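The values are calculated or read from the model by the stated rules, or taken from the named source; none is laboratory data. Model, not experiment: these values are computed from the prediction. Glycine also receives a Cβ, built like all others from the backbone with ideal geometry; neighbour counts cover every protein chain displayed. Quick note on the areas: whole protein, heavy atoms, side chains included, nothing else; ligands and nucleic acids left out. Shrake-Rupley method; radii C 1.70, N 1.55, O 1.52, S 1.80 Å.
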Amino acid sequence: MSPAPDTAVCIAGAGPVGAALALALGRAGVPTALLDLAPPPAAPDADAPLELRVSALSARTAAWLQALGAWARMDPARHTPYRALEVWEQDARIHFDAADIGEPALGTLVENRALVAALHAALDTCASVRRLAAGEVRALVAGGRHIAVHTSAGETCAAALVVGAEGAHSAVRTLAGIDAVRTDFRHSALVTHVRTQRAHAHIAYQRFLPGGPLALLPLPDGRVSVVWSCAPAHAQALARLPEAEFAVALAQASDWRLGEVLEVDRRAVIPLHGLRAARYVGARVALAGDSAHVVHPLAGLGATLGLDDAAALARLVTDAVARGADPGGSGLLRRYERARRAGNAPLLGGIEALRRLYGVRGGPLPMLRRAGLRLTNRAGPLKHAITRLASGA
């Protein structure tokens, strides 16, 4: 028999999504257990170089993190806003600008480890959140109005609701019997940071190349984060190039938008896979972030989608606890799934459509794509609508 519930919510996974959800619930006084599957990163030293893993957050998502008190705990040298996005293919381009919708920025680029460290620092002030060094989730045991989580570290946590936020290989999702469709994008991402001849001016760039998209994202130290998606063999070849040769290849691939590439940081190659869970919920189980959906990085929206999951679930659970309702009840979980499927659908569908659209090289489609870019750039209402969607405004 599983033990009596000892908390309202048990969250597996203490990365950005799990930690943000725990913080939102903790600030509302909801009893919460956060299972650390690995020790959280320490805040980087002031003089430590930026790590390669950075995320783009919409302006709305960044504002939510500010309201939670996490943003103020992050070194300003670890994040920077971007005010515009320029997308192009050959001679066709479109320019999205925050000023067009009356906003100061479209979003923010943030170092992942700095964000996670800031969230955990803010969690130190939440008496209603217990953090457990739990290892991996090994079993879920239903117990009527609660569900018990058993971990590889010998911890047991019984809660009205269990949230799987451990990422694409979510044990909670598997143990809850929720199927997931995995997609091999047949791409890898070459990631690095570079210093360029011209300043980025807080503009993000994305060029659609025949082999895949290339993104140049502004960093707070004046450099640019590079995410070059291409065939795995090409990505490995780029990673092996001598620095000078890679610098020239990158400048050419980016159409010399920022001039010459002057310095290149270490390079890493990451295989790209997608995932969509068949359901976001199970019996007293909810999924959030990469446990529910993994998207191609061409739009840079994976982190925003996951944190938006956390915000939506936090609102529903906080309201249920305030009313004395069951935070793991089927009605609440159905509302969460409906809300997030509706919220995610335009972006998930749009990203997948773009990935497929730009995967076609021959025939008339490339010419039609470029005509579409030009038309959208001239169509004010449509362009503004896309800009608002990207910023979360």
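The HN-Hα couplings worked out from phi for region 51-59 by the Karplus form 6.51 cos²θ - 1.76 cosθ + 1.60 (θ = phi - 60°) are 6, 6, 7, 10, 10, 9, 10, 5, 4 Hz, whole numbers, x standing for Gly and Pro. Sorting 306-317, 121-132 by their mean Cβ neighbour count within 10 Å, with the most densely packed peptide first, gives 306-317, 121-132. Protection proxy ranking, highest mean first, for peptides 175-186, 108-119: 108-119, 175-186, where packing is the per-residue count of other beta-carbon atoms within 10 Å, averaged.
Restricting to Cα pairs below 8 Å that are 6+ residues apart, what does the relative contact order work out to for region 156-270? Please round to a whole percent. Write out the running numbers ahead of the final one.
On the way: 178 pairs, mean separation 35.0, N = 115.
So the answer I get is 30 percent.
Take the alpha carbon gyration tensor of region 117-202, find the square roots of its eigenvalues, order them as a ≥ b ≥ c, and report rounded if a/c is under 1.5; if not, report prolate when a/b exceeds b/c, else oblate. Here region 117-202 falls in the oblate category.
Counted residue by residue at 0.36 nm each, then reduced by the alpha carbon distance between them, the extension gain from Gln197 to Glu260 reaches 22.2 nm.
Extension gain, Asp47 to Thr174: 0.36 nm times the residue separation minus the Cα-Cα distance gives 41.6 nm.
Quote to one decimal, in nm, the extra length available between Glu136 and Asp97 on full extension: 0.36 nm per residue of separation minus the C-alpha distance between them.
Details: separation 39, 0.36 × 39 = 14.04 nm, distance 4.33 nm.
Gain on extension, Glu136 to Asp97, equals 9.7 nm.
Residues whose amide H lies under 5 Å from that of Gly143, counting only those 5 or more places away or on a different chain, are Ala148; hydrogens are built 1.01 Å from N in the peptide plane. Relative contact order of region 1-138: 37 percent, from C-alpha pairs under 8 Å at least 6 residues apart in sequence.
Taking amide hydrogens as placed 1.01 Å from N in the peptide plane, the amide H of Thr183 sits under 5 Å from those of Gly274, Leu275, each at least 5 positions away in sequence or on another chain. Run the paramagnetic zone check for Gln236: 7 angstrom along Cα to Cβ, then residues of region 247-272 with backbone nitrogen under 19 Å. Counting only backbone N, you get 267-272.
Whenever you get a sec, compute what percent of the accessible area on region 27-66 sits on carbon and sulfur atoms (1.4 Å probe). Taking all protein chains in place, region 27-66 shows 53 percent carbon and sulfur surface.
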